Amino acid sequence: MTKTIKLGAVAGRHEIPGVQGYVLNLVEDPSDLEEIERNVFASLDNKLVNVNKLDLYVTGLTSVVLAAVKYCSQNNVQLSCWHFNREDSSYFKQKMF
């Protein structure tokens, strides 16, 4: 059975209806990629217990999104990224794996 969670990448970037939380609430130093990856992996380890599909709303830093992609790839989590459409304020889906 597939269990899905909807998360935004970084809190406070955009209003996203229906998300169940964020991968990260805050990024102290956007240039510290090792710290970002550690924090993303720890966050997703916690949030994806008994979850095998992530709908990720791409609203934050690229480094956070890429760390989430890496996590999902390494942990066999199905991933779809949702991108913001400025023209109609909706989101559109990009199925990753």
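The values are calculated or read from the model by the stated rules, or taken from the named source; none is laboratory data. All of these numbers come straight from a predicted model, not from anything done at the bench. Glycine gets a Cβ as well: all are built from the backbone with ideal geometry, and neighbour counts include every protein chain shown.
General remarks:
- Screening F84, F92, F41 for residues that are in contact with a His (Cβ under 9 Å, 6 or more places away or on another chain) and surrounded by 14 or more Cβ atoms within 10 Å (Cβ to Cβ) leaves exactly one candidate, F84.
- One residue stands out in the stretch 1-44 among those that are charged (D, E, K, R) and in contact with a strand residue (DSSP E or B) (Cβ under 8 Å, 6 or more places away or on another chain): the one that is nearest to N75 (Cα to Cα), namely K3.
- Per the conditions (1) at pLDDT 95 or above; (2) of a type outside the set (A, V, I, L, M); (3) under 15 Å from A9 (Cα atoms), the sole criterion not satisfied by G60 is (1).
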